[in-house]
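One structure is given below, encoded as structure tokens.
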Amino acid sequence: MYYLKNNRGFTLIELLLYTVIAAGLLLSITAMIALLSQSRIKNQTISTVEQQGTQILQIINQEIRNSSIVISPANGVSGTTLQLQDINGKNTTFNLSSSTLNETKLNQTTPISSNNIIVSNLKFLNLTPDNIHNSIKINFTLNYNNIASRIEYNYSQTFYDTATLRQP
């Protein structure tokens, strides 16, 4: 007696096995893509905060170097506002308003920090005991404005620098 075996399809066990393997692969790929996306967002957040901090320090340093007098804070004192005067008698002021760092020059106020950055702990320390060699220590903290409340947007960094006024 001959039994003809019909090999035209898959058994139920083979179908279940293939389905489980395919689902596992898809799940792994999806998890990997989600992890890469979170990593990319975190790196962009860090980059944004560091670029903003560097840019703010450059702007403040340039204004300090171009100034001839520190009006505020007084010698040996720290404050949240820096007021400078150049050789032409024009004032420049840096201060914090609603977590935005502003520069006021020629009675025009310009934000120097972006909307997605929160500036805090701003402090200017006049390190000079006399009016001859004025040096200002700058200190502030930047936080990414996490409006989405996602963990990958949480990033904070404190920036420090010291700048000296140009000698007359």
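Kindly indicate whether any position in segment 35-54 is over 23 Å from residue 112 (Cα atoms), over 18 Å from the mean Cα position of the chain (by Cα) and loosely packed, with under 11 Cβ neighbours inside 10 Å. Yes, there is a match, as at least one residue in segment 35-54 is over 23 Å from residue 112 (Cα atoms), over 18 Å from the mean Cα position of the chain (by Cα) and loosely packed, with under 11 Cβ neighbours inside 10 Å. Of all residues in segment 134-151, those satisfying the criterion of being without any contact (Cβ under 8 Å) to a residue 60 or more places away in the chain and part of a strand (DSSP E or B) are 135, 137, 139, 141. Among the residues of segment 53-64, are any over 13 Å from residue 161 (Cβ atoms) and at pLDDT 90 or above? Within segment 53-64, none of the residues are over 13 Å from residue 161 (Cβ atoms) and at pLDDT 90 or above.
Before we move on, is residue 88 farther than 17 Å from residue 138 by Cβ and outside any strand (DSSP E or B)? Yes, satisfied. For segment 40-51, the set of residues classified as without any contact (Cβ under 8 Å) to a residue 24 or more places away in the chain and of a type in the set (S, T, N, Q) consists of 43, 44, 47, 51, listed by residue number. There is no residue in segment 108-115 that is modelled with pLDDT under 90 and touching a Phe, Trp or Tyr at 6+ places or on another chain (Cβ under 7 Å).
Any residue at all in segment 61-76 that's touching a helix residue (DSSP H, G or I) at 6+ places or on another chain (Cβ under 9 Å) and either surrounded by 11 or more Cβ atoms within 10 Å (Cβ to Cβ) or within 27 Å of residue 156 (Cβ to Cβ) (or both)? Within segment 61-76, one or more residues are touching a helix residue (DSSP H, G or I) at 6+ places or on another chain (Cβ under 9 Å) and either surrounded by 11 or more Cβ atoms within 10 Å (Cβ to Cβ) or within 27 Å of residue 156 (Cβ to Cβ) (or both).
The values are calculated or read from the model by the stated rules, or taken from the named source; none is laboratory data. For clarity, every value in this text was computed on a predicted model and none was experimentally measured. Glycine also receives a Cβ, built like all others from the backbone with ideal geometry; neighbour counts cover every protein chain displayed.
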